[in-house]
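The values are calculated or read from the model by the stated rules, or taken from the named source; none is laboratory data. Owing to the predicted nature of the structure, the values given are computational and were not obtained by experimental measurement. Positions of Cβ are generated from backbone atoms using ideal geometry, with glycine treated the same way; all protein chains shown enter the neighbour counts. Heavy atoms of the whole protein, side chains included, go into the accessibility calculation; ligands, DNA and RNA do not. Shrake-Rupley method; radii C 1.70, N 1.55, O 1.52, S 1.80 Å.
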Amino acid sequence: MKLKTDELLHHLIEQNGSDLHLVAENPPMIRVHGILLPLQEHDILTSEETEFHISQMVSESAMQELRSTGELDAALQLEGGHRLRINAYRQQESFAAALRLLPNRFFSLEDLGLPTKVLEHICRLHSGLVLVTGATSSGKSTTIASIIHQINLERPCHIHTIEDPVEYRHHSAKALVTQREVGTDTKSFAEALRRSMREDPDVIVIGEMRDLETMSAALTLAETGHLTFGTLHTSTAVQTISRLVSAFPAAQQAQVRIQLASTLQYAICQKLVPWDAGGGRSLVAEILVVNPAVRAMIRDQKTHQIRTVMQTNFDAGMRTLEQSLEEAVRSGKISRKTADLYLEI
């Protein structure tokens with residue numbers, strides 16, 4: 001059985017999937033609650049069919065880019081408010097695509113699965129650096145978008161996002177919201193960040209801190225009084241700090257530690273853990289609240305001691321991954337065996 005492009009997307013939405021994969025010589029595959037499953041009623045895709053489906057979702061100029069470079073990132077607005085993030089690429093002399101379905105609503109702070117008091121405090125910050133980290137598909141974009149949505153509802157300020165591509169569309173409420181897409185509105189993260197200071201932002205969202213220039217700009221923005229949000233692909237708070245510092249040349253690392261010690265407010269390191277009975281996933285997170293003791297540890301190269309601070313300051317909103325997984329086990333949604341497995345990932 002063959003399905004039209006819009007029918008494939010309908011199946012993705014109806015099955016509550018997060019991702020749709022289109023690869024020649026395979027059936028369409030849908031990821032549901034972290035598990036990748038074939039679309040049973042669909043035949044194997046040919047190379048021509050895969051290219052055709054991609055062409056139905058992006059512009060002709062985007063297809064030309066894909067054909068010339070072998071790479072494409074794009075976003076698509078669907079009826080009903082759903083949006084797709086599309087990554088198309090060349091493999092084995094044919095094209096393939098991974099489509100991420102973005103939620104068509106923002107989560108309330110209470111529904112995100114993180115401590116509400118921590119999120120409320122983040123929304124009240126006026127400066128500093130907030131990092132949300134984790135592997136691909138760990139919910140980083142959703143967490144930041146929901147926090148930004150709350151700030152948008154509460155504060156008369158200028159929120160400025162730089163993303164590749166723009167995933168969640170924010171409409172100005174109490175705040176003024178502007179969103180720039182890398183490749184469409186600006187050449188690069190670094191270029192957009194260099195110019196952002198002239199655009200009078202109060203809150204800045206950096207879709208991904210992927211290189212030295214972007215990390216340096218984020219630290220400078222936070223240091224100069226802007227509330228700055230960024231993401232990294234790290235799995236623990238200590239690893240996040242080490243990753244930032246080690247990205248800089250050795251001669252600059254002492255200064256970077258001072259900058260980071262003075263600007264970092266929170267590091268939230270997320271994982272999505274599937275329920276043992278199926279039907280959903282729980283968000284577990286390591287949370288570092290940067291207090292004076294932690295600032296001194298960052299500055300004095302004693303980050304190995306931070307874990308102890310996190311273990312003993314649960315009431316302040318801090319928690320290690322182990323503590324967060326323990327909460328999920330007590331909720332009855334995941335087993336001890338699953339918790340132990342995700343400690344090793």
(request) Just subtract the alpha-carbon distance of residue 92 and residue 326 from 0.36 nm times their residue separation and send over the number in nm, one decimal. (result) 79.9 nm
(request) Step through the residues of the stretch 170-179 one at a time and calculate ³J(HN,Hα) from phi using the Karplus curve (6.51 cos²θ - 1.76 cosθ + 1.60, θ = phi - 60°), rounding each to whole Hz and writing x for Gly and Pro. (result) 9, 10, 3, 10, 6, 9, 9, 10, 10, 9
(request) Find the Cα radius of gyration of the stretch 248-309, compare it with 2.2 N^0.38 Å by division, and give the number to two decimals. (result) 1.52
(message) Between residue 213 and residue 2, what is the label-point separation in nm under the 7 Å Cα-to-beta-carbon projection?
(response) 4.5
(request) Would you calculate the volume per residue, in Å³, of the smallest convex hull containing every Cα atom of the stretch 83-168? (result) 118
(request) Round to a whole angstrom and tell me the spacing of the C-alpha centers of the stretch 283-345 and the stretch 149-221. (result) 29
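Name the trypsin sites (Lys or Arg not before Pro) in the stretch 24-129 that are in a loop by DSSP and that have at most 16 other C-beta atoms within 10 Å, would you?
Here the trypsin sites (Lys or Arg not before Pro) that fit, given the DSSP loop and packing criteria, are 105.
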(request) Quickly estimate the mean residue ellipticity at 222 nm for the chain, helices only: each DSSP H run with n ≥ 4 gives -39500 (n - 2.57), and the total goes over all residues, rounded to 500. (result) -10500 deg cm²/dmol
(request) Rounded to whole Hz and in sequence order, give me ³J(HN,Hα) for the stretch 162-167 from the Karplus expression 6.51 cos²θ - 1.76 cosθ + 1.60, θ = phi - 60°, writing x for Gly and Pro. (result) 10, 9, 9, x, 5, 9
(request) Compute the FRET efficiency between residue 111 and residue 251 as 1/(1 + (r/R0)^6), taking r as their Cβ-Cβ distance and R0 = 51 Å, and round to the nearest 0.05. (result) 0.65
(request) Sort 106, 229, 314 by accessible area with a 1.4 Å probe, largest first. (result) 314, 106, 229
(message) Beyond 27 Å, how much of the Cα-Cα pair distribution for the stretch 189-345 remains, as a whole percent?
(response) 32
(message) Looking at the calculated P(r) for the stretch 17-146, what percent of the C-alpha pair distances fall above 27 Å?
(response) 33
(request) Would you check the accessible area of residue 334, probe 1.4 Å, heavy atoms only, in square angstrom rounded to 10? (result) 10
(request) Starting from the Cα of residue 258, move 7 Å in the Cα-to-Cβ direction to define the label point; list residues of the stretch 299-334 whose amide nitrogen is under 20 Å from there. (result) 299-303
(message) From the phi angles alone, apply the Karplus equation (6.51, -1.76, 1.60; θ = phi - 60°) to the stretch 316-323 and give each ³J(HN,Hα) in whole Hz, x where the residue is Gly or Pro.
(response) 8, x, 7, 6, 8, 4, 4, 5
(request) Give the peptides 316-322, 175-181 in descending order of average Cβ contacts within 10 Å, highest first. (result) 316-322, 175-181
(request) Calculate the spin-label point distance for residue 337 paired with residue 47, positioning each point 7 Å from the Cα along the beta-carbon direction, and give it in nanometres. (result) 4.4
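With contacts defined as alpha carbon pairs under 8 Å and 6 or more residues apart, what's the relative contact order of the stretch 1-129 in percent?
20
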(request) Can you sort 315, 43 by 1.4 Å-probe accessible area, starting with the largest? (result) 315, 43
(message) Out of the total accessible area of the chain (probe 1.4 Å, heavy atoms of protein only), what percent is carbon and sulfur?
(response) 49
(request) For residue 72, enumerate residues with amide H under 5 Å from its amide H, sequence gap 5+ or separate chain, H modeled in the peptide plane. (result) 88
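How much length is gained on full extension from residue 35 to residue 276, taking 0.36 nm per residue of separation minus their Cα-Cα distance?
Here the segment from residue 35 to residue 276 would lengthen by 85.5 nm.
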(request) Provide the gained length on full extension for the span residue 304 to residue 77, in nm with one decimal, where the gain is 0.36 nm per separating residue minus the Cα-Cα distance. (result) 77.3 nm
